[in-house]
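The block underneath contains the structure these notes are about, expressed in structure tokens.
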Amino acid sequence: MGVPGLWDILSELPEEKYIKYLRGKRVAVDLSGWVVQATKFKGLRAVKNPHLRNLFFRVSALLLNDVHPIFVLEGKVPELKKAVFKKRNYQGNNNSDNASRESFDKILNQCHELLKSLGVSCIKSSGEAEALCALLCAKGIVDGVITNDSDAFLYGAHTVYRDFSIDKKGPNIKLYSLKSEKKLQLNQRNLIALALLLGCDFGNGVPKVGKKTALELLKELEGYDLLQRFQDWKQKSESELFPGYETDIKKKGTHCKNCSHLGSTTKHRKEGCGMCDSKISCKPPDSKNPCICSWHKNNDARQKHKNELKVYTAAKSIPDFPNAKVIEEFLKFSDEIPGEDVLDWKCPDLKQIQGKLFDFLGWTFEYSFEKCFPIITSWQQFKMSRNCLTDKITLLYKPINRIQSGESKNNAFYCACVVTAVGHTSKLDIVTNMESRFPATLVLWLGREFYRDKYGVTGSSQAWTPDPGDKLGDKFGDEIWNLKGAGIFSISLLGEEIRLNVVDDSM
């Protein structure tokens, strides 16, 4: 559920981005959120196992865009959350709750099996999935979290990608970054404070305190640590919290209509006004010389702390406010973070993938291969672009003969070729846009080398020069050229652009 109204409070933060914005990034994904979305989407109700179909195509879109996902499974439900949900669903029974939990766990296990066959990392949290996602983000292991659950911020995530989609017609994510927190005075501790006020999965919040009141309090207490301020409410007296404010102040006394100071107009006309420093009559109202009677002092204090007094009064009705257990859940969550050998994208297992897709979705082997082949070639390129100099690059598929090449209607260069799995004799016809399979930095580097070889000069155009600090060419050295010489790559100059082909002209 998250914190009610929190996304509205954060409404000034999101930036709409296309999926290419995530290119080269590593992201944590709350798997449960995707499963729930798929089961609720009306357009997928007629589809067999919609959660698995949705998962495959979303993962495929990420991998083909050079995005490295790490999926996180739910762990044990925190006892505090169990207690809250039991109260909210009092009419329910434990048997139905346990049955639905078992059914959901079965669905998650199916997703885990599919991800494992794709070589994609899927780890299990000791508690809430968004908690481990946020921990990975806070530790810098991932660049952000894909989730629609605002609790990710409360657990410490600084970047959240919300409303993820693979729709090609519009933006694919909404980027929320707490790096813009100065605009709203928001950070993890203040967001937890809002959860205590508005309610969350671990508590019901403060009665009669809604989003509007919470925002007004946030502005009034700008610069304060709200969690510490809530603690002060319990430990300090009202006179310490709100200097000048008294709850049992007497009624407002008579004030002069001319100067607005304490005393009647008639008395001031005869005897003068001490605050105006006059012995006869008084002076016109002056903002620099306000009335300092006890009533006005109290009223000024009341206005200064208007919103805080309102929330403070409401919170006094809750004995355990602020709930230390809720604060501890968000601030002190810890979990074991797996090593890179677990988090890394491993080689997809085609036979396993085809078996899972046949069992779960009823796909034929031919159809599943068509959908999986781009993922496998992307994995090869992923490994090539990240290999150490001493590592060997494993090629699962290798082109053996070109059929046709040219430019498509959208001017993208393509190459149709016959490929074979390394170590096998079976051949498959593949048509693909090879430019989309290779990182732009690799194309630029190879293009620069081609330009140098062909014309004997380095080239003055920026089109031939990689980004500053790009060491891709130096990193791979002869490895790339060995592949090029073996017929895996060739370079073509089409107009003023460099295009990367899958086969050598000599083949």
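Selection of the stretch 320-335 for residues being modelled with pLDDT of 90 or more and not hydrophobic (A, V, I, L, M, F, W, C) yields Asp320, Pro322, Asn323, Lys325, Glu328, Glu329, Lys332, Asp335.
Where helices (runs of 4 or more DSSP H) fall entirely within the stretch 16-94, those with at least 1 residues that are modelled with pLDDT of 95 or more, under 24 Å from the mean Cα position of the chain (by Cα) and surrounded by fewer than 20 Cβ atoms within 10 Å (Cβ to Cβ) are at 50-64. Residue check: Ile280 meets all listed conditions (1) at pLDDT below 85; (2) touching a Gly at 6+ places or on another chain (Cβ under 6 Å); (3) surrounded by 14 or more Cβ atoms within 10 Å (Cβ to Cβ); (4) among the β-branched types (Val, Ile, Thr) but one, namely (3). If only residues of the stretch 113-127 that are in contact (Cβ under 8 Å) with a residue 60 or more places away in the chain and over 17 Å from Leu62 (Cβ atoms) are counted, the one that is surrounded by the fewest Cβ atoms within 10 Å (Cβ to Cβ) is Ser126.
Condition test on Lys325, is it exposed (fewer than 15 other Cβ atoms within 10 Å of the Cβ), free of Cβ contacts under 8 Å to residues at least 12 places away in the same chain and basic (Lys, Arg)? Considered against the rule, which asks whether it is exposed (fewer than 15 other Cβ atoms within 10 Å of the Cβ), free of Cβ contacts under 8 Å to residues at least 12 places away in the same chain and basic (Lys, Arg), Lys325 comes out as no.
Evaluate the following for Asp359: is it under 19 Å from Ile123 (Cβ atoms) and either modelled with pLDDT of 90 or more or part of a helix (DSSP H, G or I) (or both)? No: the conditions fail for Asp359. Scanning the stretch 182-209 for residues that are surrounded by fewer than 23 Cβ atoms within 10 Å (Cβ to Cβ) and in a strand (DSSP E or B) yields no hits at all. Considering the stretch 271-296, and only residues there that are under 60 Å from the mean Cα position of the chain (by Cα) and polar (S, T, N, Q), the residue that is nearest to Pro243 (Cα to Cα) turns out to be Ser294. Restricting Tyr312, Tyr224, Tyr245 to those that are of a type in the set (Phe, Trp, Tyr) and modelled with pLDDT under 80 reduces the list to Tyr245.
The residues of the stretch 320-367 that are within 27 Å of the chain's Cα centre (by Cα) and of a type in the set (Lys, Arg), listed by number, are Lys325, Lys332, Lys346.
Condition check ((1) touching a helix residue (DSSP H, G or I) at 6+ places or on another chain (Cβ under 8 Å); (2) in a helix (DSSP H, G or I); (3) of a type outside the set (Lys, Arg)) across all residues:
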position: Ile292; (1), (2), (3): no, no, yes
position: Ala314; (1), (2), (3): no, yes, yes
position: Phe330; (1), (2), (3): yes, yes, yes
position: Trp345; (1), (2), (3): yes, no, yes
position: Lys351; (1), (2), (3): no, yes, no
position: Trp363; (1), (2), (3): yes, no, yes
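Exactly one residue out of Lys212, Lys168, Lys179 is loosely packed, with under 15 Cβ neighbours inside 10 Å, on the phi < 0 side of the Ramachandran plot and not assigned by the TED database to the domain that holds Trp34, and it is Lys212.
The values are calculated or read from the model by the stated rules, or taken from the named source; none is laboratory data. All values reported here derive from a predicted model rather than from experimental measurement. Note that each Cβ is placed from the backbone with ideal geometry, even for glycine, and that neighbours are counted across all protein chains shown.
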